[in-house]
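The values are calculated or read from the model by the stated rules, or taken from the named source; none is laboratory data. Just so it is clear, the model here is predicted, and its values are computed rather than measured. Heads up, the Cβs are rebuilt from the backbone with ideal geometry, glycines too, and the neighbour counts pull from every protein chain shown. Areas reflect the complete protein model, heavy atoms only, side chains present, ligands, DNA and RNA absent. Shrake-Rupley method; radii C 1.70, N 1.55, O 1.52, S 1.80 Å.
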Amino acid sequence: MKTLVLGLGNELLSDDAVGVLAARALKERLKDKADVVESALSGMALLDLFIGYERAIIIDAVKTGKNPPGTISELSPTDLSVVLAPSPHYAGLPELIATAQRLHLDFPKEIKIFAIEVEDPNTIGGKLSPAVAHAFRKIVQRVEEQITHWLAPSSRT
Amino acid sequence: MTREVVIDPITRLEGHGKIDIFLDEQGNVEKAFFQVPELRGFEKFAVGRPAEDMPQITSRICGVCPTAHHMASTKALDDLYKVEPPSAAKKIRELVYSTFFVEDHALHFFFLGGPDFVVGPTAPKAQRNILGVLSKVGLEIGREVIAVRKQLRDLISLAGGKVIHPVFGLPGGISKALTKEDQEKFIAGAERAVKFGLFSLQIFQDVVLKNKQYVETITSETYTHKTYYMGLVDDQNRVNFYDGQLRVVDPNGKEFLKFKAQDYLKHVAEHVEPWSYIKFCYLKDVGWKGFVDGPESGVYAVAPLARLNAAEGMATPKAQEAYKEFYKTLGGKPVHHTLANHWARLIELLYAAERMQELANDPEITSPNIRTIPTATPKEGIGVVEAPRGTLFHHYQTDEKGVITKANLIVATQNNAARIAMSVDKAARGVIKGGKIDDGILNLVEMAFRAYDPCHGCATHALPGQMPLIVRVYDSCRNLVREIRRD
């Protein structure tokens, strides 16, 4: 069962770095359990990173303004806009999955998204804001738990 | 009554921006503004860091074109240490850079810009995306686009260290020579890239140029501006992405300026507007006359169409043929039609692929002589490359230990900013009449800037699905009278 953990973000841009930093922290911990990849890309450009995996976890920053910074939401791709909205940044994933299906690519059947509500994703050289830094430890733990759950014999199909 | 229409965020753009459209009482466009988000703090962030870290740091500014920043920065370090890389090192840099160009231009044409033309400018929104493109061109081609890009990105990783943030550029050369085995892989990749370039141009011929309505749109006054054009050229005035001098032609296509990167501040100045974060570049030699075109206005353009206009030809045979066909079809040089950028981009893709092939087959490409060790005391360095989206300048000043005291970057979209703003305004005036605004009409406005493939470098990666496109209409007192959510 090949598993991908993908941390997205720009590590120079304060809170936007959280996904990438989480992936970096998980790399050693998940050795032999999953491939951990960091990426600053988004949308369709990510497509080939998923090819060949059966399960994937995406860790990313989200700014909805609806939840306090540091809130972690667990989403599935169907929770994102189901409409094929055309922005590579804001609606890239549903489009990407639809494209992979149309082209019959070897694509993960299960994708879980851990989204961390951020405060400031725009300042170069900024550090994680306190609430996001606090959530950082939690996100690492949650991803690890998810991988353990996937690898547990009972979850195998 | 003034009504305000806001398109926010712009769809299918790399990075995000906003268009504000103000309507007059008749429902025609009074003025349209193009805005980009602010990138804060880069200069401050760079100060105090060792200059040799800059190729790694600047490549992290943006997930879209890390290789362009890496290369411009590495060349700025060559200049900072007054060191000339060995010939093999320059060739390997250009090989990697050409590979990057092919995959980046392919991404734009098929995924971002392509839907406008392959599917159709006013086709239903649900079809105007990559899936619509696939339906039109066939699944086999879709699989080939994805497979070629993957192969090319793997090649960049092979030579550049990491595809997301390359690590191979050093002042005076590169960190790793190519083996014979690497060379074979590049040769195979280049061969496939050339084929890919040829069939991409064929698709453009068949789907776009054979459609009379599309050609009329491309050549219409709504999408036309007669400005200056800038691009890097080699010693025979042919397009070059990696090195050379900057050549500027006037709106009649005559050479106006030719200068080295080190002289950019003598010729390029920045204009500030209260309504935008971006600084608008213009030619000092002409002066800022506002958002107007013509020979009296210092507004200039960069990126594919501008590069073709600013040069006298392409340095590879198949691309040169396509270049001649381009000007023959569009009525001679220079071409002022913004939407012709899509065609120009594919000609450049083919050039990059052919250049890749030339360099991959060059016996010197596996030479172990890849570094000249710098010995000079650093003070100031300026580097330039053509990024896929246009001319990119990196400029650093340091103390005698090579620690940055000042950094200035001019990115492609800044060079293009004034003309993009003009294009959006003109397109809005051209297509919005009598208050009639629908999805297809708004897309016709967005197409005006999408042709430039603008990138704001600072795009955050906030997760998809939460930021729909919003169109807002206000009355003259700025009361919200209508809101359309395009999600």
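Before moving on, here are some points about what is shown:
- Across segment A:3-155, the mean sequence separation of Cα contacts (distance under 8 Å, 6 or more residues apart), normalised by length, yields a relative contact order of 33 percent.
- Summarising the amide proton neighbourhood of residue A:57: residues at separation of 5 or more, or on other chains, whose placed amide H is nearer than 5 Å comprise A:4, A:5, A:6, A:112.
- At least 50 Å² accessible surface lost relative to isolated chain, residues of segment A:101-140 (1.4 Å probe): A:102, A:103, A:122, A:124
- A crude spin-label estimate for the pair residue A:54 and residue B:362, with each label 7 Å from Cα along the Cβ direction, gives 4.7 nm.
- Positive-end ranking of A:105, A:71, A:19 along the dipole of segment A:3-155, with charges on Cβ about the Cα centre, is headed by A:71.
- When the convex hull of its Cα atoms is viewed from all sides, segment B:137-264 shows a mean projected area of 11.9 nm².
- Estimated from helices alone, the mean residue ellipticity of chain A at 222 nm is -9500 deg cm²/dmol (sum of -39500 (n - 2.57) over DSSP H runs with n ≥ 4, per residue).
- Helix B:317-329 axis, angle to chain B major axis (alpha carbon atoms, nearest 10°): 20 degrees
- Accessible surface computed residue by residue for chain B, with neighbouring protein chains in place and a 1.4 Å probe, gives 35 Å² per residue.
- Rounded FRET efficiency, nearest 0.05, which uses the C-beta distance separating residue B:184 from residue B:321 and R0 of 30 Å: 0.60
- Anisotropy class of the protein assembly as shown from Cα gyration tensor, a/c 1.5 cut: rounded
- Cα long-axis angle, helix B:139-160 against chain B (0 to 90 degrees, to the nearest 10): 40 degrees
- Taking 0.36 nm per residue of sequence separation and removing the Cα-Cα distance, the residue B:47/residue B:285 pair yields an extension gain of 82.6 nm.
- Added length on full extension, which subtracts the Cα-Cα distance from 0.36 nm per residue, residue A:151 to residue A:110: 13.4 nm
- Listed residue (B:28, B:405, B:179) projecting farthest to the positive dipole end of chain B, Cβ model: B:28
- Relative contact order (%) - segment B:251-329, alpha-carbon pairs under 8 angstrom, separation at least six: 19 percent
- Mean residue ellipticity, 222 nm, helices only, chain B: the sum of -39500 (n - 2.57) across DSSP H runs of n ≥ 4, divided by residue count and rounded to 500, is -12000 deg cm²/dmol.
- Gyration tensor (alpha-carbon) shape descriptor, segment A:91-157, a/c threshold 1.5: oblate
- Cα gyration tensor shape of chain B, rounded if a/c is under 1.5, else prolate or oblate by comparing a/b with b/c: prolate
- For segment A:3-155, the convex hull spanned by the alpha carbon atoms encloses 110 Å³ per residue.
- Think of each Lys and Arg Cβ as +1 and each Asp and Glu Cβ as -1; about the Cα centre, that makes the dipole of chain A roughly 360 debye.
- Each label point was placed 7 Å from the Cα along the Cα-to-Cβ direction; for residue A:28 and residue B:191 their separation is 4.5 nm.
- Cα-Cα over 21 Å, subset of A:27/B:180; A:33/A:112; B:266/B:406; B:91/B:333; A:33/A:138: A:27/B:180; B:91/B:333
- Pair residue A:101, residue B:235: separation of 7 Å Cα→Cβ label points (nm): 5.7 nm
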